[in-house]
1. Checking the structure you have, find out if any residue of the stretch 472-479 is farther than 28 Å from residue 598 by Cβ and surrounded by fewer than 23 Cβ atoms within 10 Å (Cβ to Cβ).
2. Could you list, in sequence order, all residues of the stretch 112-126 that are crowded, with 21+ Cβ neighbours inside 10 Å and free of Cβ contacts under 8 Å to residues at least 60 places away in the same chain?
3. So in the stretch 263-289, with the set limited to residues that are at pLDDT 90 or above and assigned to a helix (DSSP H, G or I), which one is surrounded by the fewest Cβ atoms within 10 Å (Cβ to Cβ)?
4. Count, please, the residues in the stretch 594-607 that happen to be outside any loop (DSSP other than H, G, I, E, B), in contact (Cβ under 8 Å) with a residue 12 or more places away in the chain and under 24 Å from residue 88 (Cβ atoms).
5. Considering the stretch 63-82 alone, what residues qualify as being more than 19 Å from residue 169 (Cβ to Cβ), free of Cβ contacts under 8 Å to residues at least 40 places away in the same chain and touching a helix residue (DSSP H, G or I) at 6+ places or on another chain (Cβ under 6 Å)?
6. Evaluate the following for residue 570: is it without any contact (Cβ under 8 Å) to a residue 24 or more places away in the chain, farther than 21 Å from residue 383 by Cα and assigned to a helix (DSSP H, G or I)?
7. Provide a single number: the residues in the stretch 367-391 that are over 14 Å from residue 328 (Cβ atoms) and crowded, with 20+ Cβ neighbours inside 10 Å.
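The values are calculated or read from the model by the stated rules, or taken from the named source; none is laboratory data. Everything numeric in this text was worked out from a predicted model, so none of it was measured. Here the Cβ is made from the backbone with ideal geometry for all residues, glycine too, and neighbour counts use every protein chain on show.
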């Protein structure tokens, strides 16, 4: 039996000898690479935290001690060591274990997160709750240096330092988030990596202080001199200025050095502690070490090759066309240059592409500031991450009617990343804003035209505008048509019929057309409309159809509450149209991880589901045909 197979719970680690621990690290790396390539997932992040995770579980007593992992994609090893290794073949699969942490999945998962920068705030909440209840457990937040660029992390540090909350913060410093980190914090950490060891400098300062005569009257002078001497050696040590006691840096792949430093942090009782651990993303697996951006997240091996281009790639090519056409246009990403497809454009337009780090709030207001000066900003962001900048969209963009383009990738069901990454809310939270225009393309060719339309809309100063598009490949539409500005609020009728009207928004348009073909075999002819716009709606076309066909179905890959169907229902009610309305979309529940196709079928927003919903709602219009008898 391997060492890894003997580990069922964290306490099993504490009986291992040194040589067994070294062997365990190697076995975990082999298991991670072999297993995750089959299911897809985050390889590099977890390979970099093997020794750190083992040390954490040997030093601290989970779940009594609270280990709060930031984001969670660095915590695969934590999952293995807490009883879930045997389920790794279900990682990120429909009905399987999550690729992030999930409180419902294990008592060792203290806080679920798929968005960066939350761990310090959550850990402080747990530590204050501990103190209120009179308990004495430890609370440890493990955060990457990429997540440390998030403003929320600094808000938490500020409050922890002010309250002197006894929290241990472990910085997993590998110089990366998904892409290389940017910003002043990254430069400061690089200086610490290359400078004389901080603990040595602090030791010199302590020796000087210890030789000073002591008295109560001299204590304040001693404190000030100590602080000044530290600043002399390490003038930019931000963490100490926030009120943390700093330990490190330490080699994160020296298991026993990490364990020793964590023990010192555990035994320190005088306020918050910051433990600086230097790791290498993808450590121990040569391909991941060589290209840890590529190996940050991998798809399952054996996946079918896509013939049609990815929506993300078409978006990036559209941005290139826009930047080439207008020197006023710029693009902004929040630490996702690769995920949003913009990575290659940084070399082509180095002065007009901006990566602001994991700072969606800043990205939105930065874009607003640009827009006040006649620049045309395109904010490239996943739908799920724009949620983080919602106040800025309201307060800094919409209220001031500023012409900012929001390009929302992963609009809809995202698949394997699960409930923290689903792009199922953007229609609802954006269409409530006065002056906002919202579009979604039926295919990749229309995405190209919509990006051009959004740019022209913003360039003319007509207010904010958003384009949502799905994850994955397009339908194979031709992409060589001339760029044309679409008429705002005008839909497109794709098929005529008198039985029922199917209004589809975005990706489900193809399912609506296929459903109409299915229903036609049963004698029901449907009108299919590519809505194009969720705001403003094509009022003229919708009301004209309502006057002729009193049966409507709306389809969207979004929650029904507040979405496109709701907008249509509001319009019909406002105008007094007598229409029997069926709204298809995501019900009032969270959507977990699993393939997009499976979830679309589960919620009945694929072609078969749409046809079935229409049959259920109006059974007399399209009776089910009897199955044909076999020829035999």
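1. The answer is yes; a qualifying residue exists.
2. The answer is 118, 119, 120, 123, 124.
3. Across the stretch 263-289, the extreme among qualifying residues is 267.
4. Adding up the residues that qualify gives 3.
5. none
6. Answer is yes for this residue.
7. Final tally of qualifying residues: 11.
Let's see how each residue does on (1) in a strand (DSSP E or B); (2) under 24 Å from residue 319 (Cα atoms); (3) modelled with pLDDT of 95 or more; (4) touching a helix residue (DSSP H, G or I) at 6+ places or on another chain (Cβ under 9 Å):
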| residue | (1), (2), (3), (4) |
| --- | --- |
| 467 | yes, yes, yes, yes |
| 502 | yes, no, yes, yes |
| 506 | no, yes, yes, yes |
| 513 | no, no, yes, yes |
